[in-house]
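The values are calculated or read from the model by the stated rules, or taken from the named source; none is laboratory data. The shown structure was predicted, so the numbers you read here are calculated from the model rather than taken from an experiment. Every residue, glycine among them, receives a Cβ derived from its backbone with ideal geometry; neighbour counts consider all protein chains shown. Surface accessibility is based on the protein's heavy atoms, side chains included, excluding ligands, DNA and RNA. Shrake-Rupley method; radii C 1.70, N 1.55, O 1.52, S 1.80 Å.
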Amino acid sequence: MDIDKSKKLVRDTGIRLLKAGLIARSWGNISQRIDQDNFVITPTGRTYEDLRPEEMVQVNLHTLEHVGRIKPSYEKGLHAETYKLRSDILAVIHTHQLQASVVAAARRDVPVLNKEMKKIIGGPVLCTDYSLPGTKKLIKMAVHALDKSGSKAVLLANHGTLCIGKDMEDAFQVALALEKACQEFIELEFSKISGAKDSSRKSIRAWYLQKFGQEAIA
């Protein structure tokens, strides 16, 4: 893909994710493959509202060297290794979206709960063990989980998610579907634990208050 189009696509996707409530502030990162050797990624430490297309950073897939003075996301290695996994991966999105992050904090795998989500995500979503962000261990576990599951998403324990796609729209839809799948998974697990038929947020809060008290929520 043309580099200027790639930079604009990455910036625009950041705004879309922000509006969809899947990212906040400067958390998470987004990248688009340019060719077999390079990709464009969001810079480090910048809020999505303020980003301009020209501030997206070109990174070499093999050396992790970048073009220009603006520093790329420190998760660039994770994106690079993900692109190396399969040549048909053209976009990568890393988020800290709420429902998926809750499941990732619980370190649970998520089965695909219905046909619609299976069609989008492609398979069960595995959760890695915990490792510090940006480390080789985390990168290795994330790529292994994607390869093992055949899914377009992986949960990173206590850290968030990684979603991939054949293009940016595909990766964006995976992030949306994953959030819905994780919400349904949480509600299902709550029903199993509490025996309640109603698994709305209000019911979950009421059950939690009754079991653990106000101090546990404050």
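Before moving on, here are some points about what is shown:
- With every protein chain in place, region 3-212: carbon and sulfur % of accessible area (1.4 Å): 52 percent
- Listed residue pairs exceeding 30 Å between alpha carbons, taken from LYS76/LYS166; LYS115/LYS137; LYS5/LYS119; LYS118/LYS140; LYS5/LYS148; LYS76/LYS180: LYS115/LYS137; LYS5/LYS148
- Annotation note: chymotrypsin sites (Phe, Trp or Tyr not before Pro) in region 37-117 located in DSSP loop regions with a Cβ neighbour count of at most 13 within 10 Å are TYR74.
- Mean-position separation - Cα centroids, region 1-80 and region 107-126, in angstrom: 26 Å
- Residue range of the chain that is longest and free of trypsin sites (Lys or Arg not before Pro) which are both DSSP loop and sparsely packed (at most 11 other C-beta within 10 Å): 70-196
- Taken per residue, the accessible surface of the chain reaches 53 Å², heavy atoms only and a 1.4 Å probe.
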